[in-house]
């Protein structure tokens, strides 16, 4: 396994493409499909092909026995044009700085910072110089779906983060994490890179564990920042979401509004504005998510679970559960134990 100093030496060494860039080479991305954005700009569509996957394997961007992630050190001394792709991208500035443009917004990241970009978000980066080392973690939808199935439904704030990233109605589908105040982000990212670039016999398990730690820390950071924003401004959405997360079984729009000293109509509009959900949808999602968790982790009868999560009418619970999960509670439980 690479040490920290070994990783640093490896990342600072010029790649073949970087040597060509220093000699003035340019990349016109021949054969790559393009689209025109709403603002009239040319945008490349980077999609995986058998040839590109073969090249990624040969360049050690993807491990042959582990293709949940691609890890790409951005080539220095060249700009990356406006492009989209279908992966969730974690852009980690290992050293120096890097400037991104997303939806006409310019963001300059410094060492230790991470930018999370949702799939199909047009973005570009400026030229990285000698000391500017930026690593892109490209994560597949399959891995994300499996990860969020395990973790997201247990915490409404986590679900809010996921929806914020995946919502097609959002214009700013990215989140900036300042790792300078959260040293564990840098630690987890570097440990992942050490294992990725020098894989051990148990690399698959280790990489899974390291990525889980990294994403969980990003979730913690997001939740912490929401709490600070709620305390330091008039934005109460974090407190409202936490209240719903705790009291979903018996709270109503009126009782929630009374707790926050708001008129019910104002609270309803406020929630819709900040989450793109109605109050009723938030309650339903939380109740059904908790019901699914109880079906997976307990042997409680379905009728008891229905009452525990706030549904006095079991028939209504069955209907809503099937609408959300595409199966009955009994079928859902059976699938989890297979």
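Could you say whether any residue in segment 165-174 is part of a strand (DSSP E or B) and either surrounded by fewer than 16 Cβ atoms within 10 Å (Cβ to Cβ) or modelled with pLDDT of 65 or more (or both)? Let's see the steps before the verdict.
Let us first name the residues in segment 165-174 that are part of a strand (DSSP E or B), namely 174.
Within this subset, residues satisfying the condition of being either surrounded by fewer than 16 Cβ atoms within 10 Å (Cβ to Cβ) or modelled with pLDDT of 65 or more (or both) are 174.
Within segment 165-174, one or more residues are part of a strand (DSSP E or B) and either surrounded by fewer than 16 Cβ atoms within 10 Å (Cβ to Cβ) or modelled with pLDDT of 65 or more (or both).
Scan 107, 115 and give me the residue that is in a strand (DSSP E or B), modelled with pLDDT of 85 or more, surrounded by fewer than 17 Cβ atoms within 10 Å (Cβ to Cβ) and on the phi < 0 side of the Ramachandran plot.
Numbers: 115 fails: surrounded by fewer than 17 Cβ atoms within 10 Å (Cβ to Cβ).
Only one candidate passes the filter, namely 107.
If you check 35, 72, which single one turns out to be assigned by TED's automatic domain parsing to the domain that holds residue 191, part of a strand (DSSP E or B), under 19 Å from residue 127 (Cβ atoms) and modelled with pLDDT under 90? Walk me through how you get there before you give the answer.
Working: 35 fails: under 19 Å from residue 127 (Cβ atoms).
That would be 72, the only listed residue that is assigned by TED's automatic domain parsing to the domain that holds residue 191, part of a strand (DSSP E or B), under 19 Å from residue 127 (Cβ atoms) and modelled with pLDDT under 90.
Before we move on, is residue 284 at pLDDT below 90 and either over 28 Å from residue 173 (Cα atoms) or in a helix (DSSP H, G or I) (or both)?
Details: at pLDDT below 90: no; either over 28 Å from residue 173 (Cα atoms) or in a helix (DSSP H, G or I) (or both): yes.
So residue 284 fails the test.
Any idea which of 324, 320, 330, 273 is touching a residue at least 12 places away in the same chain (Cβ under 8 Å) and surrounded by fewer than 13 Cβ atoms within 10 Å (Cβ to Cβ)?
On the way: 324 fails: surrounded by fewer than 13 Cβ atoms within 10 Å (Cβ to Cβ); 320 fails: surrounded by fewer than 13 Cβ atoms within 10 Å (Cβ to Cβ); 273 fails: touching a residue at least 12 places away in the same chain (Cβ under 8 Å).
330 is the lone residue from the list that is touching a residue at least 12 places away in the same chain (Cβ under 8 Å) and surrounded by fewer than 13 Cβ atoms within 10 Å (Cβ to Cβ).
Looking at (1) within 25 Å of residue 193 (Cα to Cα); (2) part of a loop (DSSP other than H, G, I, E, B); (3) in contact with a strand residue (DSSP E or B) (Cβ under 9 Å, 6 or more places away or on another chain); (4) at pLDDT below 90, which is the only condition residue 56 fails?
Against the list (1) within 25 Å of residue 193 (Cα to Cα); (2) part of a loop (DSSP other than H, G, I, E, B); (3) in contact with a strand residue (DSSP E or B) (Cβ under 9 Å, 6 or more places away or on another chain); (4) at pLDDT below 90, residue 56 comes up short only on (2).
Considering every residue within segment 287-300, establish whether at least one is surrounded by fewer than 19 Cβ atoms within 10 Å (Cβ to Cβ), in contact (Cβ under 8 Å) with a residue 60 or more places away in the chain and under 16 Å from residue 246 (Cα atoms).
yes
Go through (1) at pLDDT 85 or above; (2) in contact with a strand residue (DSSP E or B) (Cβ under 9 Å, 6 or more places away or on another chain) one by one and return the number of the condition residue 202 breaks.
(2)
Would you be able to say whether some residue in segment 241-254 is at pLDDT 90 or above, assigned to a helix (DSSP H, G or I) and over 23 Å from the mean Cα position of the chain (by Cα)?
The answer is yes; a qualifying residue exists.
Looking at 277, 266, 238, which one is out of contact with any helix residue (DSSP H, G or I) (no Cβ under 6 Å at 6 or more places or on another chain) and assigned to a helix (DSSP H, G or I)?
Values: 277 fails: assigned to a helix (DSSP H, G or I); 238 fails: out of contact with any helix residue (DSSP H, G or I) (no Cβ under 6 Å at 6 or more places or on another chain).
Exactly one residue qualifies, and that residue is 266.
The values are calculated or read from the model by the stated rules, or taken from the named source; none is laboratory data. Since this is a predicted model, take the numbers as computed values, not measurements. Note that each Cβ is placed from the backbone with ideal geometry, even for glycine, and that neighbours are counted across all protein chains shown.
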